[in-house]
1. If the requirement is being of a type outside the set (S, T, Y), under 17 Å from A:H132 (Cα atoms), in contact with a Leu (Cβ under 7 Å, 6 or more places away or on another chain) and free of Cβ contacts under 8 Å to residues at least 40 places away in the same chain, which of these qualifies: A:E165, A:E169?
2. Could you pull out every one of the helices (runs of 4 or more DSSP H) wholly within region B:109-189 that has 2 or more residues that are under 30 Å from B:N55 (Cα atoms)?
3. May I ask you to verify whether A:S58 is within 14 Å of chain B (Cβ to nearest Cβ) and not hydrophobic (A, V, I, L, M, F, W, C)?
4. Kindly provide the set of residues from region B:86-97 that are surrounded by fewer than 23 Cβ atoms within 10 Å (Cβ to Cβ) and under 21 Å from B:Y290 (Cβ atoms), ordered by number.
5. Considering only residues that are more than 17 Å from A:S222 (Cβ to Cβ) and hydrophobic (A, V, I, L, M, F, W, C), look in region B:263-284 and name the one that is surrounded by the most Cβ atoms within 10 Å (Cβ to Cβ).
6. Return yes or no: is A:S24 away from chain B (no Cβ under 14 Å), hydroxyl-bearing (S, T, Y) and surrounded by fewer than 19 Cβ atoms within 10 Å (Cβ to Cβ)?
7. Tell me, yes or no, whether region B:201-219 has at least one residue that is within 13 Å of chain A (Cβ to nearest Cβ), more than 15 Å from the chain's Cα centre (by Cα), part of a helix (DSSP H, G or I) and modelled with pLDDT of 95 or more.
8. Within region A:46-55, can one find any residue that is away from every other protein chain (no Cβ under 14 Å), surrounded by fewer than 21 Cβ atoms within 10 Å (Cβ to Cβ) and within 30 Å of B:L286 (Cα to Cα)?
Amino acid sequence: MPDSLNLDQHTSQRYDAELEGVRSRLLEMGGLVEEQCRKALKALVKDNVELAREVAESDYRVNEMEVEISARCTDILALRQPAASDLRVVVSVIRMTADLERIGDEAEKIARHALLLSERRDAASFRGDPKHLGKQAIAQLRGALDAFARMDVRAAIETAAQDPEIDQEFESVTRLLISHMMEHPASVKSLLRVNWCARALERIGDHAVNLCEEVVFQVKGSDVRHLSLSEIRQRYL
Amino acid sequence: MQESDNMNQVTTAASAGVPREAKGLDIRNHADVSAYKTTGNPMVTNPKMSARGVNVFYGEKHAIMDVSLDIGENEVIAMIGPSGCGKSTFLRCLNRMNDIIPICRVQGNIMLDGEDIYHSRQDTVLLRARVGMVFQKPNPFPKSIYENVAYGPRIHGLAHGKVEMDEIVESSLRRASLWDEVKDVLDKPGTGLSGGQQQRLCIARAIAVSPEVILMDEPCSALDPIATARIEELIDELKERFTIAIVTHSMQQAARVSQRTAYFHLGKLIEVGQTKQIFTNPQHELTENYITGRFG
């Protein structure tokens, strides 16, 4: 089995175009979702109401893309009966759209919390606490999408390997927010909102790990979703 | 055809799993062919038939190169590959159908239940009763439906009297899922049936002599999708009693009916494995290219 995939070179060039079409559309969806995350984080940290509203109101575009890409994949399954690597790509892209859509939902969630936090003065001093966590999660998402674009198993595994750091950062943000809560009991409601945002960012990291696992599945043909990172590394690096 | 004792010289194609090494090998280049080893394990623990180091020549043309492959008891094995890859030639070796082609030479060993079918004392008529065959185009005899099925048991002396023969005809037609459609017209010519019915009649004719193995050479290529689905359903039922080797150009058919799939290319057995694995994660680049419809 090859170490990377050639999605071209089918006897039917239209089939090549259809497969490449769903892949590039998924990358577009990834780009949109990444942008949503970036804007949501900025809206949270910088207290930017306009940006938060923009993110909250444009999640429908992500949802529409999910539906469209899934439909394209269904058409390929019905009309082309893909096999081997083609089948893996189609099945996996369907799963990836679901992960990207969930990431979009997390971004929307952060934006909506940011909007509510803007209404409260007490949030100003700690709404920036998850900034570093957000940057890490977005970097991980970008790494996963890059690995998918290049069908790069090594990059996918190395990106997935960053997840424990994100989990650790989430724990520290939570600890920090709890100490704020003890110091400022009146602000617990706002602090909880910030913690929910941190939680959403941590979930974005988890979905990015799923995307990385799909890249390994597409290229190597093995489902690694429930293997430990060290097992995956041992087998494929 | 040589005698059967040289099992040691046949293992070149038999070792399992050499995908990466094989990747750079251009098997279209004949110099590379001798170095090629089959990807996947061609052996099974319960072989009904075993081919070892089989080479077939049509005159000067080397049509099958060093193929070793087991066919397991009560399994359906599909043989796929592009036209001219040798899959039908290999299938026809399994009941010595190639003997009737004067320029055809077969080397290597093919065993049925551990006995060499190319042994000089092997009775080919008896062999073909044990290893039956169904062809691409339905070819019923120009006789009645009843006679089409009764012919084989009669020449092999399998029935004593009309009652027994009636039983064989009925049970064969039932097993071929044709009985209900023809029970009232058994004296009508077999050639008057539809294509799908004719093919099931040919299957009934093949199983009437109680074969152990049934070889099918593209049995559905002349049939419409419904008749094809009926034959495929039938194959699924028949595997309870028989061992089946099927050559097909339809990859979906191979995927639907078989437990193992063997991919042939230019006379070599490139890869063999569980059908699910071959169709989701083939290990050899040529297999991948073929089943995904890429030009290699």
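1. A:E169
2. Once the helices (runs of 4 or more DSSP H) in region B:109-189 are filtered for at least 2 residues that are under 30 Å from B:N55 (Cα atoms), what remains is B:124-130.
3. Against the criterion (within 14 Å of chain B (Cβ to nearest Cβ) and not hydrophobic (A, V, I, L, M, F, W, C)), A:S58 does not qualify.
4. Correct list: B:S88, B:L91.
5. B:L269
6. yes
7. No, region B:201-219 has no match at all.
8. No, that holds for no residue.
The values are calculated or read from the model by the stated rules, or taken from the named source; none is laboratory data. Keep in mind that this is a model prediction, so the values were computed, not measured. Glycine also receives a Cβ, built like all others from the backbone with ideal geometry; neighbour counts cover every protein chain displayed.
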